[in-house]
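Accompanying notes for the structure given below.
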Amino acid sequence: MRTKEESGAVPAGGDDLAQQATSYLRSRLPFAPRVGVILGSGWGAYAERPPLAFAEAYEDIPGMPPCTIQGHAGRLALTDRCGPPVALLQGRIHRYEGYSLEAVTRAVRVLAALGVDTLVLTCAAGGLGDIPVGHVMVVEDHLNVMGDNPLIGRGLPGAVPRFVEMAEAYDPGLIGAAEEVAHINDTRVHRGVLACVAGPSYETRAEAAMLRKLGAHAVTMSTVPEVIVARALQLRVLALALITNQAGASPEGSRGHQGVLAVSEGQEGMIGRFLDALMKRLAIGFEEILE
Ligand code: HPA
């Protein structure tokens with residue numbers, strides 16, 4: 001009898017590639033990360049704040065897919081300058097670059113294998129309602145409308161469930177921590193529902209109206225696949241979306257990807273202060289390893 005792989009019914013898994021990246025990083029990282037931060041469009045500069053204990057381009061890490069889009073450096077860095085040991089992924093890869101969701105979510109599996117138990121995902125997003133451009137949305141739930149799911153296929157290796165609970169995917173304790181530090185640091189944050197589309201075309205007016213009607217407050221082309229895999233691996237998840245434009249806006253009001261990058265550049269200072277405070281706040285959960 002043919003195996004499922006031979007029959008062609010199931011996409012090839014990337015376990016070997018994730019394992020390659022994990023063993024390579026294990027032998028080089030000076031300490032193991034407990035927190036992972038994936039820095040999406042507009043958030044990447046945070047990974048350049050010194051001091052870093054390690055930094056290497058994805059393309060030099062065996063098994064890590066390289067980034068192909070502007071604004072995503074494609075580098076993994078490690079720091080403990082705020083307290084907890086944190087792996088910073090400066091840039092992510094997207095399905096619209098032509099990658100499979102297995103490749104898109106590989107970094108999450110590598111982080112979990114390295115010892116990460118808390119994952120902070122960041123992205124740029126188009127606002128669908130009242131959240132102003134330049135503000136941050138703390139994701140409390142999502143709508144996966146990208147037409148795909150990273151758990152489709154032969155399943156993740158090990159005792160990982162295929163039917164993953166998603167009713168409380170975003171950790172209420174982490175949402176509370178993010179709101180608390182935002183309040184102290186004068187960062188404007190709002191809770192909301194994030195819709196995830198495949199992209200790379202932006203939404204039509206009708207699509208933006210539909211997503212609004214469905215209950216989404218912002219829309220992105222990333223993050224949700226990583227959240228699904230992180231929950232399958234039982235990581236605690238926080239997701240933060242920087243509102244860089246209004247989704248479905250007229251061409252005069254939107255400058256596409258350049259506009260997204262320009263808005264985020266203007267928010268680098270705010271993002272740095274907010275993430276630093278958040279990392280320090282997360283240290284409270286890690287006293288036992290920081291002694
Ligand atoms: N739509 C989808 N993804 C996005 C947007 C948008 O308007 N802005 C930034 N990422």
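Charging the Cβ of each Asp and Glu at -1 and of each Lys and Arg at +1, and nothing else, the dipole of the chain about its Cα centre rounds to 260 debye.
Once the convex hull of all Cα atoms in the stretch 155-196 is built, its volume per residue stands at 126 Å³. The sum of -39500 (n - 2.57) across all DSSP H runs of n ≥ 4, divided by the residue count of the chain, sets its helix-only mean residue ellipticity at 222 nm to -9000 deg cm²/dmol. Close amide H contacts of residue 239 (hydrogens built in the peptide plane, cut-off under 5 Å, sequence separation of 5 or more or a different chain): 121, 139. Could you list the residues of the stretch 166-187 with an amide nitrogen less than 12 Å from a label point located 7 Å from the Cα of residue 284 in the Cα-to-C-beta direction? Only 173-182, 184 fall inside the zone, counting backbone N under 12 Å. With both bridge residues required to lie in the chain, what share of the DSSP beta bridges run antiparallel, to the nearest 5%? In the chain, DSSP labels about 30 percent of beta bridges as antiparallel.
Taking only alpha carbon atoms, the chain gives an Rg to Rh ratio of 0.95, where Rh is the Kirkwood radius. Across the options 167, 151, 192, the greatest Cα extent toward the positive end of the charge dipole of the stretch 128-209 (unit charges at beta carbon of Lys, Arg, Asp, Glu) belongs to 151. Neighbour counts of C-beta atoms inside 10 Å place 69, 243, 131 in the sequence 69, 131, 243, starting with the fewest. Compute the distance from the alpha-carbon center of the stretch 27-104 to that of the stretch 170-237, in whole Å. The two parts, judged by their Cα centres, are 20 Å apart.
Using the Cβ atoms and a cut-off under 14 Å, what net charge is assigned to the surroundings of residue 140, where Lys and Arg are +1 and Asp and Glu are -1? Please report the intermediate quantities before stating the final value.
Numbers: positive: 191; negative: 141, 168, 171, 179.
With Lys, Arg at +1 and Asp, Glu at -1, the net is -3.
Taking the number of other C-beta atoms within 10 Å as the exposure measure, put 196, 67, 82, 123 in order starting with the fewest.
Working: 196 25, 67 22, 82 18, 123 28.
Fewest-to-most Cβ neighbours within 10 Å comes out as 82, 67, 196, 123.
Bear in mind that the values in this text are calculations on the coordinates, not laboratory data. As the structure is a prediction and not an experimental result, all values here were calculated from the model. Neighbour counts are summed over all protein chains in view; Cβ atoms, including those assigned to glycine, are modelled from backbone coordinates with ideal geometry.
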